[in-house]
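S.K.: The structure that follows is given in the form of structure tokens.
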Amino acid sequence: MVSAQEGERLLYRRSVQGDSTENEDNPLLDIEASNPGDKRRLGLRSTTLLLMNRIIGAAMFSVPSSIILGVRSVGAALVLWIVGLALSFCGMFIWLELGCLMPRSGGEKVYLARAFPRPHGLSTTLYAFYILLGFVGLGCVVVVENLLLAMNVNTGEIGKRALCLGVLLLTTALQCISPDLTLRIMNAVGLVKIAILLGLVLTGLAAIAGLIPKTKDPWRNFHQPFHGSSTDPYDYLVALLKILASYEGWHNAAYVLDEVKDPVRTLKKSGILGLSMVGILYLMANISCFIVASPEEIGDKGTRLVAVLLGTVFGDQTGRITAAAVALSTFGSLNSSSFALARVVRELAAEGVIPAAGWVANRSSSGTPTPLSFLFLFGSALTAIILLPFGDAYFFLLDVTQYQMAVVCGAVAIALLLMRQRIPSEEYPFRVWIIAPYAFLACQLCLILTPFVSRDGHSDTGLPYWLAPVVAFLSICSGGLYWWWRKNERTLTGERQTYLEVRG
């Protein structure tokens, strides 16, 4: 049997250089075997748009309102957006190093399983429950809110729930019918998203040029940019969580590397290009918002910020058109995330770490995940949509998903440090500066621990401030209980089989 270090080297050479070396005694090679049914359909353009499509989604069109409500000043909000971008780059470079070293689909699942092989299957099961209880698909709420605004239609909560269900069903149908068609749709929608943000930026430039009479002093919010800033660290931590949520998606390509052409080269270029473009657009769009509207107006718009803001400047019809564009772009983000994560669910099922694994691990004739994979992926979001009221519930669940993500991101940063001790530097196609994983890990630890201490006990929703991190930890820890139950079940089954063999 080869050592773990030698197994890492063999796996890397086989995945990148085409080495056909095999060793049945090395489980590292078995776990990460590539899927022969996967077609390498993603080039540089599609991979970059896959990242940008995932990043520019529901969060960008809803988060700026809650940011300004939390920190209460223009300067503090913009500084947090810059800090969030820098931390996102640290995280992106960590995933880039690990993805280039292990160019296999699965993302964090691959990295955590490699770095924490003992107890066997525990890290993978914990990650599986993070995916299954991560409220993937919650962006359909923003799709429906903006779609109703575009149509100028009011409906009750039952109608909204039905429409959210319809959005998730349409997403599932598109991806199960044709992955190539889904990619073309996602690429087109990605361009629409960029156009929306550029439209917001151009609106700010038009106001500066004096082309918008309603905006008499475009720089009025920048005369004293930090006036009235919050003094509670909890407000800044919650705001930073939401900003990191707005940048989330730079790791999307890591989930589908088996379908990426020339994965190492493409991963490097697409990650840097995609996150850089989005970061510039986000910062310029936020500045434009503060040029056109006051912080109070921005904070009052909620999930319909962009649509209402442009409608205020150009009239009701523009607001409705923009709302439709926001709904479309959020739908694209939903498709982009589910396109990648449904394949992760399938890989988790192939390893038998989720319920009904035998059925979920199947794939259609076109190589796509089956509808059951999407049911597992969207299950937690569907439950929330059916049972929870609209309003604060959306922002609360956004907080929950970000606390979950902080736990996983911290574990991946630790995984990178462990992997560097096991694999010599010459085996790495790319290595990030050592400050990046430490800065990223410190950020995740701060995000995890600080929100438990709120000076006045308030939160950005009507729910207790401690509830979101508690729900996040419990959802991930439930995977540990499932792993323990499965382990005991297998032990009892083995003992029963041995007893029957002895008696026979």
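The values are calculated or read from the model by the stated rules, or taken from the named source; none is laboratory data. Source: prediction; values computed, not measured. As a convention, Cβ positions derive from the backbone with ideal geometry for all residues, glycine included, and neighbour counts pool all protein chains shown. We work out accessible area using only protein heavy atoms, side chains counted, and drop any ligands, DNA or RNA first. Shrake-Rupley method; radii C 1.70, N 1.55, O 1.52, S 1.80 Å.
S.K.: Express in nm, to one decimal, how much length is gained between residue 357 and residue 45 on full extension, taking 0.36 nm for each residue of separation and deducting their alpha carbon distance.
M.R.: 109.0 nm
S.K.: Given a Förster radius of 25 Å and the C-beta distance between residue 224 and residue 280 as r, what FRET efficiency does 1/(1 + (r/R0)^6) yield to the nearest 0.05?
M.R.: With a Förster radius of 25 Å, E is 0.45.
S.K.: What residues have an amide H closer than 5 Å to that of residue 139, excluding those fewer than 5 places away on the same chain, when H is modeled at 1.01 Å from N in the peptide plane?
M.R.: Correct list: empty.
S.K.: Kindly report, to the nearest 10 Å², the accessible surface of residue 231 as traced by a 1.4 Å probe over protein heavy atoms only.
M.R.: 110 Å²
S.K.: Which lysines, if any, have their Cα less than 29 Å from the Cα of residue 242, not counting same-chain residues under 8 positions apart?
M.R.: Of all the lysines, those that pass the test against residue 242 - Cα under 29 Å, at least 8 places apart if same chain - are 109, 160, 193, 268, 269, 301.
S.K.: With every protein chain kept in the model, how would you rank 214, 109, 269 by accessible area, 1.4 Å probe, largest at the top? All intermediate terms of the calculation are to be shown ahead of the outcome.
M.R.: Values: 214 145, 109 5, 269 100 Å².
Result, largest first: 214, 269, 109.
S.K.: With every protein chain present, what is the per residue accessible area of the stretch 118-186 (1.4 Å probe, Å²)?
M.R.: 44 Å²
S.K.: At 7 Å along Cα-to-Cβ for each site, give me the label-to-label distance between residue 477 and residue 375 in nm.
M.R.: 3.0 nm
S.K.: Assuming 0.36 nm per residue, please report the length gained on full extension of the stretch residue 151 to residue 211 beyond their Cα-Cα distance.
M.R.: Details: separation 60, 0.36 × 60 = 21.60 nm, distance 2.83 nm.
Stretched fully, the residue 151-residue 211 segment lengthens by 18.8 nm.
S.K.: Residue 449 to residue 317: extension gain in nm, 0.36 nm per residue of separation minus the Cα-Cα distance?
M.R.: On the way: separation 132, 0.36 × 132 = 47.52 nm, distance 4.54 nm.
Full extension of this stretch gives 43.0 nm more.
S.K.: Can you work out the Karplus-derived ³J(HN,Hα) for every residue in the stretch 368-382? Use 6.51 cos²θ - 1.76 cosθ + 1.60 with θ = phi - 60°, whole Hz, and x for glycine or proline.
M.R.: Computed from phi, the couplings for the stretch 368-382 are 7, x, 7, x, 5, 4, 6, 4, 5, 5, 8, x, 5, 5, 4 Hz.
S.K.: Over the stretch 40-489, what is the mean sequence separation of C-alpha contacts under 8 Å (at least six apart), divided by residue count, expressed as relative contact order in percent?
M.R.: After rounding, I find 35 percent.
S.K.: Above 27 angstrom, tally the Cα pairs of the stretch 40-489 and express them as a % of all pairs, no decimals. Working shown, then result.
M.R.: Numbers: 52340 of 101025 pairs.
Roughly 52 percent, rounded to a whole number.
S.K.: Once phi is turned into ³J(HN,Hα) by the Karplus curve 6.51 cos²θ - 1.76 cosθ + 1.60 with θ = phi - 60°, what whole-Hz value does each residue of the stretch 415-420 show in order, with x for glycine and proline?
M.R.: Once θ is set to phi - 60°, the couplings for the stretch 415-420 become 4, 4, 5, 5, 5, 5 Hz.
S.K.: Further, regarding this structure: Hey, for a label at residue 269 modelled as a point 7 Å past Cα toward Cβ, could you say which residues of the stretch 43-58 have their backbone N under 13 Å away?
M.R.: Of the residues in the stretch 43-58, 43-49 have backbone N under 13 Å from the label point off residue 269.
S.K.: Tally Lys and Arg at +1 and Asp and Glu at -1 over the other residues with C-beta under 11 Å from the C-beta of residue 96: what net charge comes out?
M.R.: +2
S.K.: Please compute the modelled spin-label separation between residue 422 and residue 177, points set 7 Å along Cα→Cβ, answer in nm with one decimal.
M.R.: Once both label points are built, they end up 4.4 nm from each other.
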